[in-house]
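These notes are about the structure you will find just below.
The values are calculated or read from the model by the stated rules, or taken from the named source; none is laboratory data. Computed from a predicted model, the values in this text were never measured in an experiment. So basically every Cβ, Gly included, is an ideal-geometry build from the backbone, and we count neighbours across all protein chains shown. With ligands, DNA and RNA removed, areas are computed over all heavy atoms of the protein, side chains included. Shrake-Rupley method; radii C 1.70, N 1.55, O 1.52, S 1.80 Å.
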Amino acid sequence: MKTKKKFFVTLILIAVAVAITAAVWFYNYEESDPGAVQKTMLQYSYQNLTFDKPEQEEYECTVSDNDKKYIDIEADNEGEYYWLTVTSNKPTKKRHKPIITVYKNNGGKKTVIKKFQITVKPAYKIKMDNIRINSSTEKEITLSNPYEKDYRLEYNKKIIDIKQNLYDGDMEYHTLIGLKKGKTKVKAYLEGTKEYIGSFTVKVGDFGAFIKEDYQNTEICYNKHIDSCDLIDGHLNLSEAIENYHNNSVYTITSDDSELIGSKNIDYDSFYTDINSKFALIYSKKTGTATLAVYEKRGKEKEKKIGTIKLRVRQAKDSEVYNSYCEFDNDGIFYENFMSPGDSYDLKKAVVERYLNLGEKQYHFKKDEYTFRAESTRPEIVSVDKNGVCHCHAVDYDGNVPSHEIKYEIKFKDGSSVSGSGSFDIVDEE
């Protein structure tokens, strides 16, 4: 009898264990629709689910299991696309995940086109680094932000000020201003919510200036066809290289090779603060390597060395000269460049004057240092001769405003090359 009782007790315990396991599994079971595309997104984020469709078809959509407003959607038919965007509001429950159903309605008969099931993960904390800054100075700071909402920053406004410059993708860029010595905690919340995301501490004081690690070994470039102050990466501003700079200070350099680089002092380009510091602008004069000693002079204090920079000057390709001059040209050669039938335009001359020989004559390319070639996709509208001169022939083509493209390529003697393209605005002779 004892054995039988023990056997039944064992069966009961097993049954209880199975029941508990089943209950736990059921509680944790994430119900999913096997016919839906599974999409996961972060709370307070945005996802684009737009897809192609036949231009003549019109689609509609519904959202189920969304009573708690886990998500919001915007949907619309537009030509060959069905625009569908999702904004997440709340984390979804394990057994409650919204399903977006896109369908075609043919006289009351619904044909399902696509289904999406959305899982919304809860917002999480972001790690933020502490910052030190000298009083009466400013510095750029970057905060990681994977959310669609900007941060609302709370801090002691007597010690620091923070100006938001730009929100771009997953990053926020701010200017931090040290107002007076002290310490404050900066707390970040998502705008329009009470969602706390993270914090960092700012200390405002009188910290010693030094060369940032990333700049202790650095590289700039040189090309004889352009002033190095105009060449992209042809110069280095010490304001970028010095950490904990001071207001009303002058920063200078000496070099163990004075023929390699030149320097001149320039004012600090501040946004919000009256900063009277001057920093050396270092520019290349030839290729090679040098060691630079960096000095700081604060008011009446004795000048002192704050670090060194090992500098390498590389040879810049001729194509980099072209790209540097392009930076000065916001609109481009073809912008609002009008032609009528019978007109001609010297494209080669325009490109050379704007992108090769824009600077002083001492930097200009010789004619045997490059070749220029151009062609038109529609020579019956605008043709290009062997000298790079464009000729306009027609205003209308099959009753429409003609479309065409002029492509050009420059090959340099050093082996590099560049290309460009555009089209003219063709108008009547009137």
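How compact is segment 53-190 by the rule of thumb for globular proteins, expressed as Cα Rg over 2.2 N^0.38 Å? Could the numbers behind the result be given before it?
Working: Rg = 22.4 Å, N = 138, 2.2 N^0.38 = 14.3 Å.
Against the compact-globule rule of thumb, the ratio is 1.57.
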The chain: radius of gyration and largest Cα-Cα distance (Dmax), Å:
32.8, 116
Selected from P91, P34, P379 as most flexible by GNM, with the chain as the system and alpha-carbon contacts under 10 Å:
P34
Within segment 54-145, which chymotrypsin sites (Phe, Trp or Tyr not before Pro) sit in a loop by DSSP and count at most 11 neighbouring Cβ atoms inside 10 Å?
Y124
Give the angle, between 0 and 90 degrees and rounded to the nearest 10, that separates the Cα long axis of helix 2-28 from the longest principal axis of the Cα atoms of the chain.
40 degrees
Compute the separation of the alpha-carbon centres of segment 100-163 and segment 342-384 and state it in Å as a whole number.
47 Å
Can you tell me which of K139, K93, K310 moves the most in a GNM of the chain? Springs connect C-alpha atoms under 10 Å apart.
K93
Å² per residue, accessible surface of the chain at 1.4 Å:
59 Å²
A 1.4 Å probe over the protein heavy atoms gives the chain a carbon and sulfur accessible-area percentage of 48 percent
Shape descriptor, segment 227-303: equivalent ellipsoid semi-axes (Cα gyration tensor, sqrt 5λ, whole Å, largest first) stand at 23, 16, 9
Spatial extent of segment 274-430: Rg and Dmax, with the Cα atoms as the point set, Å:
23.3, 79
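Looking at segment 161-217, which trypsin sites (Lys or Arg not before Pro) are in a loop (DSSP not H, G, I, E or B) and have at most 16 other Cβ atoms within 10 Å?
On the way: sites: K163, K180, K181, K183, K185, K187, K194, K203, K212; in loops: K180, K181, K194, K212.
For trypsin sites (Lys or Arg not before Pro) across segment 161-217 that sit outside H, G, I, E and B with at most 16 neighbouring Cβ atoms in 10 Å, the list reads K180, K181, K194, K212.
Which percent, nearest 5, of DSSP beta bridges in segment 229-305 are antiparallel? Walk me through the numbers on the way to the answer.
On the way: 19 of 21 bridges.
The antiparallel proportion sits near 90 percent.
Once you have the alpha carbon radius of gyration of segment 62-129, what is it after dividing by 2.2 N^0.38 Å, with N set to its residue count?
Working: Rg = 15.3 Å, N = 68, 2.2 N^0.38 = 10.9 Å.
Dividing the Cα radius of gyration by 2.2 N^0.38 Å gives 1.40.
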Reported to the nearest 10 Å², R314 has, with a 1.4 Å probe, an accessible area equal to 60 Å²
Provide the solvent-accessible area of T273, counting protein heavy atoms only and rolling a 1.4 Å probe, rounded to the nearest 10 Å².
30 Å²
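Per residue, how much space in cubic angstrom lies within the convex hull of the C-alpha atoms of segment 171-270? Intermediate results must be reported in sequence, preceding the final value.
On the way: hull volume 17.0 nm³, N = 100.
Expressed per residue, the convex hull around the Cα atoms of segment 171-270 is 170 Å³.
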Accessible area of D331, 1.4 Å probe, to the nearest 10 Å²?
100 Å²
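Which whole number in µm²/s is D for segment 299-351 by Stokes-Einstein, with the Kirkwood Rh taken over Cα pairs at 20 °C and 1.002 mPa s?
Numbers: Rh = 16.5 Å.
Once the numbers are plugged in, D ends up at 130 µm²/s.
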Helix-derived mean residue ellipticity, 222 nm - over the chain, DSSP H n ≥ 4, -39500 (n - 2.57), to 500:
-3000 deg cm²/dmol
